[in-house]
1. Can you tell me which of B:Ala102, B:Ala113 is closer than 20 Å to B:Asp162 by Cβ and either not aliphatic (A, V, I, L, M) or not in a helix (DSSP H, G or I) (or both)?
2. For the range B:21-37, check the following and say yes or no: at least one residue is within 14 Å of chain A (Cβ to nearest Cβ), outside any helix (DSSP H, G or I) and not hydroxyl-bearing (Ser, Thr, Tyr).
3. Please count how many residues of the range A:1-30 are more than 15 Å from the chain's Cα centre (by Cα) and in contact (Cβ under 8 Å) with a residue 24 or more places away in the chain.
4. Just checking, does the range B:123-141 include any residue being touching a residue at least 40 places away in the same chain (Cβ under 8 Å), touching an Asp or Glu at 6+ places or on another chain (Cβ under 6 Å) and in a helix (DSSP H, G or I)?
5. Kindly list the number of the only condition in (1) open to solvent by 70 Å² or more (accessible area, probe 1.4 Å); (2) over 23 Å from B:Leu13 (Cβ atoms); (3) within 14 Å of another protein chain (Cβ to nearest Cβ); (4) in contact (Cβ under 8 Å) with a residue 24 or more places away in the chain that fails for B:Ala183.
6. Counting only residues that are away from chain A (no Cβ under 14 Å) and open to solvent by less than 10 Å² (accessible area, probe 1.4 Å), how many does the range B:74-107 have?
7. If you scan the range B:47-73, which residues turn out to be within 11 Å of chain A (Cβ to nearest Cβ), open to solvent by less than 70 Å² (accessible area, probe 1.4 Å), in contact with a Pro (Cβ under 9 Å, 6 or more places away or on another chain) and within 30 Å of A:Glu52 (Cα to Cα)?
8. Looking only at the range A:1-25, which residues are among the aliphatic types (A, V, I, L, M) and either closer than 14 Å to B:Tyr47 by Cβ or surrounded by fewer than 19 Cβ atoms within 10 Å (Cβ to Cβ) (or both)?
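The values are calculated or read from the model by the stated rules, or taken from the named source; none is laboratory data. A quick note: this is a predicted structure, and the numbers were derived from the prediction, not measured. Note that we place each Cβ from the backbone using ideal geometry, even for glycine, and neighbour counts take in every protein chain shown. Only protein heavy atoms, including side chains, enter the accessible area calculation; ligands, DNA and RNA are left aside. Shrake-Rupley method; radii C 1.70, N 1.55, O 1.52, S 1.80 Å.
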Number of protein chains: 2
Amino acid sequence: MRQYQIAVVIGSLRRDSFNRKLADSVAKLAPREFSLQQVRIDDLPLYNQDDEENPAESVKRFRNEIRAAHGLLFVTPEYNRSIPGVLKNAIDHGSRPYSRSAWSGKPAGVIGASIGVIGTALAQQHLRSILSCLNVPTLGQPEVYIHVKDGFFDESGNIGADSTQFLQKWMDRYVEWIKKHAA
Amino acid sequence: MRQYQIAVVIGSLRRDSFNRKLADSVAKLAPREFSLQQVRIDDLPLYNQDDEENPAESVKRFRNEIRAAHGLLFVTPEYNRSIPGVLKNAIDHGSRPYSRSAWSGKPAGVIGASIGVIGTALAQQHLRSILSCLNVPTLGQPEVYIHVKDGFFDESGNIGADSTQFLQKWMDRYVEWIKKHAA
């Protein structure tokens, strides 16, 4: 059976990030032939075109991890009605050097969780417009805008039955999408 | 005569950045009572909410520089149809901690230069939607989408007479805007 490696990019660096917990929960819903691996973005330097001839080791590693993946999953909080600078910085690194973007053609999903009622909707819109330019085919429906209320995650970081059912439906469509578009 | 301090935030870190040259050119067009100072963002760490109790010195300095300014000027390239992660990271730092944003109420202008024909138009749209959420009143017209062709900047980084005239008109409106909205 063909195996699919998925690079999971999380937009928050904080240890108890809701989005990391969401990524962990979603990974458990993936079928056996899918392997979801979270990639590090916290050790990437701020992007500077002057460094392009001599990129940091972390930048090389990050680009290689994206290149090796069959698909992508972005799990992002919303900062100031957009994606975190931390996430955009990682996207910028992956897109360079010019004409050698690591992102191009990799199918993706976008989900996010927030304590705000719009559940990262505006961050996801900014991200989708960026991914379009990067030639990343991105799953449209179902959309996942998680409003994190008290008790959404239990003490072990697990989510309840209704949310699990909702996310399982999303996962089923995501898996179809990746299989259809993966190189 | 009242003096106005303007914090200039440049979205590119590269040494020969077109946007830094544009910021330098624009600063020369400001009236005597305006002082445009470029603020550093290259030494800010990647934003992590876990660091909020104990921010880096560079973060404290950056927030203080924004708080001390009467107005803002963003000069940004476009990376992947949005603003650079580097710039968004600085914006995220300035917006925190919650309820103590350094940006709120500071009037701003947004300009940008690019070798692409749309001259940073889509980056500026993303930036304007972010600034709206940050309660930053932002000058609407005239818009400045600079398409940098060969010879736009001469060897000393100066711009030609027509572009100078165009930017002087922008500056006159920008000055009115800052005076009207500055605290």
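1. Values: B:Ala102 fails: closer than 20 Å to B:Asp162 by Cβ.
On inspection, the qualifying residue turns out to be B:Ala113.
2. no
3. Residues flagged as more than 15 Å from the chain's Cα centre (by Cα) and in contact (Cβ under 8 Å) with a residue 24 or more places away in the chain within the range A:1-30 amount to 5.
4. So far as the range B:123-141 goes, yes, one or more of its residues are touching a residue at least 40 places away in the same chain (Cβ under 8 Å), touching an Asp or Glu at 6+ places or on another chain (Cβ under 6 Å) and in a helix (DSSP H, G or I).
5. (3)
6. 2
7. B:Tyr47
8. Result: A:Met1, A:Ile10, A:Leu13.
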